[in-house]
Amino acid sequence: MKKAKIANITENADLKKEITFPLIFEEFLEETIVKVEAPYQIIEEGGRRHITASWYVKSGETGLENREKMLNDIVSREYNPFLEENLYEKVARVNLSDEKSILSFCNRYGPIGTIDEKMPMNVAGNTQKTITGTGAPLEAFIEEARLINSILKHHYDLKSDKLRLSKEVKDKYIETIIFFYPELKDRLSTGDDKTIVKAWIMLLINRRLPLISPYLKLGNDNSFIQTVTSYSLLGAIYHQLKELVANEHPLKECLFCGSYFTPRRIDAIFCPPDIPGDIGSCKNNYNQLKLRARKWYFSGQKSIDQISELFGKSKQEIQQWMEDYKGKKQRKLKEE
């Protein structure tokens with residue numbers, strides 16, 4: 001498979017940034033296929049709750065051989081997780097207290113934690129991995145999603161100078177980091193929050209990077225190509241997280257849902273839409289809140305305080321909605 005190379009950003013003699021889009025392609029470097037077996041449901045089994053493909057629940061216990069024969073008719077979607085832009089954003093938007101939100105993610109991308117059942121011990125084998133998404137423990141999904149959110153929050157705080165660690169959290173982080181990386185003991189003893197959090201992020205990401213493997217392949221011109229494959233959807237997500245933190249890409253906090261996302265433009269304030277060019281659900285929902293709030297306020301149905309409490313927004317933000325509306329109305333009257 002091939003993909004277009006990304007734009008080159010350089011500085012000219014006047015130190016102005018120039019963007020060029022080379023009309024060349026490079027062979028695609030990551031070879032992994034996730035087979036989504038939607039729809040999914042949550043069931044009780046062995047005292048634990050599991051996210052499981054509905055077909056598997058209905059079919060009862062089936063052998064692996066029988067299941068492989070059925071998959072062609074069951075798989076609802078196949079995709080390469082490395083081609084999905086910033087999967088960690090999709091995880092961040094999942095409401096972990098809402099099972100419908102969890103299942104919505106799974107129905108689109110598959111359960112976090114499913115692993116290639118043909119994971120080879122011999123790394124010299126075929127580099128393309130196929131991850132079948134039959135199911136995963138619900139508890140594991142929630143725990144992994146929380147850790148991903150923790151990494152995003154810490155990365156955001158590092159870039160926005162909002163980082164503040166309590167003594168309890170700081171001591172816990174230092175103890176765990178030193179257990180795995182004793183060579184960092186002296187550096188962490190200074191108590192610098194940024195150093196501690198960076199080491200913590202490194203620890204969390206490194207623990208999941210074994211789920212991806214580097215390979216060499218021969219390109220069409222017989223040149224060596226570096227290839228990365230993943231044995232798990234989780235591995236592909238952590239590969240993206242590694243790129244995020246290693247390249248120090250910025251994050252923003254969505255004005256509507258509060259989750260973290262990588263801005264596609266400098267003035268972005270909402271989670272990006274799933275389909276480029278569309279209006280994102282967060283932006284649309286936020287605008288609906290403003291319309292409803294203005295209707296209540298200007299009709300005398302609710303006060304600023306009541307709207308603030310109902311929507312979980314600050315009084316200052318609600319007040320700004322009203323001021324913006326008054327300003328627009330006055331400008332319109334002047335134009336007329």
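The values are calculated or read from the model by the stated rules, or taken from the named source; none is laboratory data. Keep in mind it's a predicted model, so treat the numbers as computed, not measured. Cβ: placed from backbone, ideal geometry, glycine included. Neighbour counts: every protein chain shown. Ligands, DNA and RNA are excluded from the accessible area calculation, which covers all protein heavy atoms including side chains. Shrake-Rupley method; radii C 1.70, N 1.55, O 1.52, S 1.80 Å.
Assess whether Ile275 counts as being within 17 Å of the chain's Cα centre (by Cα) and free of Cβ contacts under 8 Å to residues at least 24 places away in the same chain.
Considered against the rule, which asks whether it is within 17 Å of the chain's Cα centre (by Cα) and free of Cβ contacts under 8 Å to residues at least 24 places away in the same chain, Ile275 comes out as yes.
Working only within region 221-245, note down all residues that are without any contact (Cβ under 8 Å) to a residue 12 or more places away in the chain and under 16 Å from the mean Cα position of the chain (by Cα).
Filtering region 221-245 for residues without any contact (Cβ under 8 Å) to a residue 12 or more places away in the chain gives 221-224, 243.
Glu243, the sole residue that qualifies.
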message: Going residue by residue through region 162-170, is there one that turns out to be free of Cβ contacts under 8 Å to residues at least 24 places away in the same chain, open to solvent by 40 Å² or more (accessible area, probe 1.4 Å), among the charged types (D, E, K, R) and part of a helix (DSSP H, G or I)?
response: yes
- request: Having 1 or more residues that are within 30 Å of Glu317 (Cβ to Cβ) and open to solvent by less than 30 Å² (accessible area, probe 1.4 Å) is the bar; report the helices (runs of 4 or more DSSP H) wholly within region 175-283 that clear it.
  value: 193-206, 233-246
- prompt: Hey, any hits in region 302-317 for a residue that's modelled with pLDDT under 90, over 30 Å from Glu84 (Cβ atoms), among the basic types (Lys, Arg) and open to solvent by less than 60 Å² (accessible area, probe 1.4 Å)?
  reply: yes
message: If I filter region 250-271 down to residues being without any contact (Cβ under 8 Å) to a residue 40 or more places away in the chain and of a type in the set (Phe, Trp, Tyr), which single residue comes out as nearest to Val94 (Cα to Cα)?
response: Phe256
field: Where Tyr286 falls short, out of the listed (1) open to solvent by 20 Å² or more (accessible area, probe 1.4 Å); (2) modelled with pLDDT of 85 or more; (3) over 30 Å from Ile201 (Cα atoms)
entry: (1)
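Based on this model, can you work out whether Asp274 counts as charged (D, E, K, R) and modelled with pLDDT of 90 or more?
Details: charged (D, E, K, R): yes; modelled with pLDDT of 90 or more: no.
Here the answer is no, as Asp274 does not meet what is asked.
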